[in-house]
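Trainee: Quick one: the structure is below, and I'll ask about it shortly.
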Amino acid sequence: ARHRFTCVLCQRDGTGEETYPAFMLGEYEEHLTDPVVVERGEDALVAGCGHTFEPVAFRKEWPPVTRGELRELHLDDFLPTAEAGGRRCLVMSPSAVESYLACPYRWFIEKRVAPNGIDEGFDALGKGSFIHQVFARFYDDLTARGVARVTPENLGEAEGAFGELFDRLLAEQPLRNSEDGRLVTTSKAEAVEVGRLRGAALECLRRQAHFAPGYEVCGHEIAIGDDGPVPFGGVLVRGRTDRVDVDRANNRFVVIDYKGSVGSRYAAAVGDDEVPALPRKIQAAVYAQVLRTRFQNLHCAGALYLSYSAKSRAGFAAGGADDTFDDNGFLAAKSRVPLNFEAYLDAVEQQAAAAL
C-alpha cells in the first residue's frame, strides 16, 4: 500500500459484542521509525522485526513450491534443541512426548503449528488451568500453616478455606493476562458452569482427604529442567509436574497430575506380559521417571492422575502404582503394576525411546 491501508482485528468485549480496536495502527506507525524496519522496508515488517517487533534470531528461506513434490524437513531447524552427551537433542515437554507417541501428525499440528483462534474462549483448557491454580495455591497455603495434608479430621476447615480461595481467585481472573490462561464468564450459562466446577472441585478435595493415607504433599508445580533439560528416551524434557506426594515413613513418593476425567485409557493396563505394553497416557510416568534423580533417597511408588470432575469414587483416580501403594481402594485393577514400579518406569522409557 502506498497511500492508504486498514488494520482490522476483530475481538469481543465483556458482553460478547464485536469490537475493533485501533491500537495496531498506532504500534505500526511507531515501529516504522525503527532503523531495522526502515532498512528492511515496510513490506518485510514481520521478517525484519518478528511478531514482537524484535530482530529475529533465525530466518528460513523457502524455495518456490512445486506441485507434487515434497521436500524433506530437518527437524533440528524448527524444534528447540540442547546439547547432551556431545550431540544435539530435541527438547520436548512430557505432554508433547505423550502426544507424539499417540500420533506424530497430531503432535506436529497441536504442539508445533499450534493454531489458536482469534477469540478467547470459555473451554476445558481454561477450566483446567484455573483448577490447577486453585489446588496449587491451596496446598501452598496449607504448607505455610504447617498442615501436611487434608485428612478426614481437618476436612471441614479445609473445605471452607478451599471455597473461599476458589471464589477469590475467580474474582481475580478478569485481571489476568488472557495469554496466560484465565477463566472469565460472560453469560449466565457460563456462571452456572463455574458453579458446577466449584462443587466438583470440592468433591475432589473430599476424596483427596481419604486417598493415599500416609502420603503428604511435598510440592506443587515442581519445575523440571529449569537448570537444563533432563534426558528421557533419547530426547530432553522440560516442564512442570502438578504435584508430588511423599510417604516419609516408607521412603516413597508418587507423582500426581490433575485431569478433568480419567477413563480407562489413563490406566497402566500392564496385564500378565513380561514386557508391559506402552500405555496411552504416559505424561505422569515421564515426570516420575525424571524425578527419580531428584528424589534419590526415595522409591517411586506411582504415577497417578486425579480427576477434579469425577462423578463417582470409581472415576477419581487412575494411572499406575505398585502393590505397596495404599490408595485406600480408589484404584482399579488395571492401574496396578505387578512388577517393581521403577522397573516399570524403565520399561516405559525404553519403549518410548524406540518410538521417539
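Trainee: Determine whether the stretch 259-270 contains at least one residue that is surrounded by 21 or more Cβ atoms within 10 Å (Cβ to Cβ) and either without any contact (Cβ under 8 Å) to a residue 12 or more places away in the chain or assigned to a strand (DSSP E or B) (or both).
Mentor: Yes, the stretch 259-270 contains at least one residue that is surrounded by 21 or more Cβ atoms within 10 Å (Cβ to Cβ) and either without any contact (Cβ under 8 Å) to a residue 12 or more places away in the chain or assigned to a strand (DSSP E or B) (or both).
Trainee: Filter the stretch 112-143 for residues that are of a type outside the set (A, V, I, L, M, F, W, C), farther than 16 Å from ARG240 by Cβ and under 16 Å from the mean Cα position of the chain (by Cα) and give the result.
Mentor: Across the stretch 112-143, the qualifying residues are ARG112, ASP123, GLY126, LYS127.
Trainee: Name the residues in the stretch 94-148 that are open to solvent by 50 Å² or more (accessible area, probe 1.4 Å), outside any helix (DSSP H, G or I) and modelled with pLDDT under 85, would you?
Mentor: Hits for the stretch 94-148 are PRO115, ASN116, GLY117, ILE118, ASP119, GLU120, ASP123.
Trainee: Among the candidates GLY225, GLY199, which residue alone is under 22 Å from the mean Cα position of the chain (by Cα) and not β-branched (Val, Ile, Thr)?
Mentor: The conditions single out GLY225.
Trainee: Also, quick follow-up: So, in the stretch 268-300, of the ones that are over 22 Å from the mean Cα position of the chain (by Cα) and under 16 Å from VAL254 (Cα atoms), which residue ends up modelled with the lowest pLDDT?
Mentor: GLN296
Trainee: Suppose the filter is not aromatic (Phe, Trp, Tyr) and not in a strand (DSSP E or B); does ALA212 pass it?
Mentor: Against the criterion (not aromatic (Phe, Trp, Tyr) and not in a strand (DSSP E or B)), ALA212 qualifies.
Trainee: Going residue by residue through the stretch 235-253, is there one that turns out to be touching a residue at least 60 places away in the same chain (Cβ under 8 Å), crowded, with 22+ Cβ neighbours inside 10 Å and part of a loop (DSSP other than H, G, I, E, B)?
Mentor: no
Trainee: Something else about it: Could you tell me which residue of the stretch 323-336 is least open to solvent (accessible area, probe 1.4 Å), considering only residues that are assigned to a loop (DSSP other than H, G, I, E, B) and either without any contact (Cβ under 8 Å) to a residue 60 or more places away in the chain or charged (D, E, K, R) (or both)?
Mentor: Checking each candidate, the answer is ASP327.
Trainee: Another question about this same structure. Consider VAL217 against the criteria (1) out of contact with any Lys or Arg (no Cβ under 7 Å at 6 or more places or on another chain); (2) assigned to a strand (DSSP E or B); (3) more than 30 Å from ALA82 (Cα to Cα): it satisfies all of them except one. Which criterion is unmet?
Mentor: (1)
Trainee: In the set PHE316, PHE253, which member is in contact with a Ser or Thr (Cβ under 8 Å, 6 or more places away or on another chain) and under 19 Å from VAL150 (Cβ atoms)?
Mentor: PHE316
Trainee: Further question on the same structure: Could you please find all residues in the stretch 153-182 being at negative phi, open to solvent by less than 70 Å² (accessible area, probe 1.4 Å) and outside any helix (DSSP H, G or I)?
Mentor: ASN154, ARG182
Trainee: Can you name the residue in the stretch 307-322 that is part of a loop (DSSP other than H, G, I, E, B) and touching a helix residue (DSSP H, G or I) at 6+ places or on another chain (Cβ under 9 Å) and is also most open to solvent (accessible area, probe 1.4 Å) among such residues?
Mentor: By that ranking, first place goes to LYS311.
Trainee: Could you list all residues from the stretch 183-199 that are under 17 Å from THR15 (Cβ atoms) and either assigned to a helix (DSSP H, G or I) or small (Gly, Ala, Ser) (or both)?
Mentor: Of everything in the stretch 183-199, those that are under 17 Å from THR15 (Cβ atoms) and either assigned to a helix (DSSP H, G or I) or small (Gly, Ala, Ser) (or both) turn out to be SER187, LYS188, ALA189, GLU190, ALA191.
Trainee: Looking at the stretch 221-234, which of its residues are open to solvent by 30 Å² or more (accessible area, probe 1.4 Å) and either part of a strand (DSSP E or B) or in contact with a Gly (Cβ under 9 Å, 6 or more places away or on another chain) (or both)?
Mentor: Result: GLU221, VAL230, PRO231.
Trainee: Of (1) surrounded by fewer than 17 Cβ atoms within 10 Å (Cβ to Cβ); (2) hydrophobic (A, V, I, L, M, F, W, C); (3) not in a loop (DSSP other than H, G, I, E, B), LEU339 satisfies all except one. Which?
Mentor: Failing condition for LEU339: (3).
The values are calculated or read from the model by the stated rules, or taken from the named source; none is laboratory data. Please read all numbers here as calculations on a predicted model, not as lab measurements. Ideal geometry is used to build each Cβ from the backbone, glycine not excepted, and the neighbour counts take in all protein chains shown. Accessible surface is based on the protein model in full, side chains and every heavy atom, while ligands, DNA and RNA are left aside. Shrake-Rupley method; radii C 1.70, N 1.55, O 1.52, S 1.80 Å.
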